[in-house]
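The values are calculated or read from the model by the stated rules, or taken from the named source; none is laboratory data. Since we're looking at a predicted model, the values are computed, not measured. Methodologically, a virtual Cβ is constructed for each residue, glycine included, from the backbone with ideal geometry; neighbour enumeration extends over all protein chains shown. Just the protein is used for accessible areas: all its heavy atoms, side chains included, with ligands, DNA and RNA removed. Shrake-Rupley method; radii C 1.70, N 1.55, O 1.52, S 1.80 Å.
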Amino acid sequence: MDLKKRIEKFKELVFETNREFYLGLEKGQSPHTLFIGCCDSRVNAEVLFQAEAGELFQIRNVANIVPREEDPDDNLSVVSALEYAVKVLKVKNIIVCGHSNCGGCAAIRKLNDYKDNLPDTVKWISHSSRISEYIDNKYPDMEEEEKLVLLEKLNAIQQLHNLMTYDFIRHSYESGELAIQAYYYDIGTGSISVYDYENEFSDILKEIALN
Ligand SMILES: [Zn+2]
């Protein structure tokens, strides 16, 4: 894997043949969408949305989590990107994208297995541990594989509610300037499920009572 060669190729084959486009980007950015996704290398936002440079402002973290405003943890990395995207860039959409085979969500199901080796990861993903506990209580007979898929979906949708704990986001949403949706990307089929703020899982999330 020669990363230096790849970047040279970018300059030669992509940049040089699209020089006008890149010169335009030099003037500034005006992304239409804030994409909040997992760190997972298989979730390729530009490919999924067929987007060019300059279209997607992005926050990536393990298990695509947005800490709630009242959470005491230090989450300035996420919050500062939210502030900049919504207040300064005035993005029109926020997409929280969960995905299948998510290692972060699988770890939420087994926090004890990871707490010694990955203490900070466990602290981070524990933001969503209540969703996992709820699934165990509500669906004790569900297969583990199904529970994980449900967690991956509910976790993405829960983040819409977490976003709403920030006044500046809720105001933009309520005034119609900002649309928010959760997507669930199934890596093995290429299909994407789309969930609005109000969706088929809303009642479940109310029961989890993080709302
Ligand atoms: Zn993931």
Most mobile listed residue (Val14, Val194, Val86) in the chain, GNM with C-alpha springs under 10 Å: Val14
Need one number: % antiparallel among DSSP beta bridges in the chain, to the nearest 5. 20 percent
Test of understanding: in a Gaussian network model of the chain with alpha carbons linked when under 10 Å, which of Gln159, Gln181, Gln29 would top the mean-square fluctuation ranking? Gln29
Free-standing Cys residues across the chain, given no other cysteine C-beta under 4.7 angstrom: Cys38, Cys39, Cys97
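For the chain, with all protein chains present and a 1.4 Å probe, just round the carbon and sulfur fraction of the accessible area to a whole percent. Spell out each step's value before the answer.
Working: 5930 of 11920 Å².
Looking at the chain in its full context, I get 50 percent from C and S.
If you count, for each residue, the other Cβ atoms within 10 Å and average over each peptide, how do 195-205, 97-107 line up from highest to lowest? Numbers along the way, then the final one.
Numbers: 195-205: 14.6, 97-107: 21.3.
Peptide ranking by packing, descending: 97-107, 195-205.
Output the relative contact order of region 19-96, whole-number percent, from Cα pairs under 8 angstrom with separation of 6+ residues. Numbers along the way, then the final one.
Values: 86 pairs, mean separation 32.9, N = 78.
Rounded, it is 42 percent for region 19-96.
What number comes out for the charge environment of Glu20, summing +1 per Lys or Arg and -1 per Asp or Glu over other residues with Cβ under 13 Å away? Walk me through the numbers before you get to the answer.
On the way: positive: Arg19, Lys27; negative: Glu16, Glu26, Glu52.
In short, -1.
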If the label point is 7 Å along Cα→Cβ of Glu70, which residues in region 178-211 have backbone nitrogen under 18 Å from it? 205-211
Relative contact order %, the chain, counting alpha carbon pairs below 8 Å whose residues are six or more apart: 21 percent
Under a cut-off of 18 Å between alpha-carbon atoms, report the lysines in cross-link reach of Lys115, not counting same-chain residues fewer than 8 places apart. Lys123
Picking from Leu23, Leu111, Leu151, which is most flexible by a Gaussian network model of the chain using Cα springs under 10 Å? Leu23
Can you give the helix-only mean residue ellipticity at 222 nm for the chain, where every DSSP H stretch with n ≥ 4 adds -39500 (n - 2.57) and the sum goes over all residues, rounded to the nearest 500 deg cm²/dmol? -11000 deg cm²/dmol
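What FRET efficiency do you get for Ser191 and Glu8 if R0 is 45 Å and r is their Cβ-Cβ distance, rounded to the nearest 0.05? Let's see the in-between values first.
Numbers: r = 36 Å, r/R0 = 0.80.
The value I calculate is 0.80.
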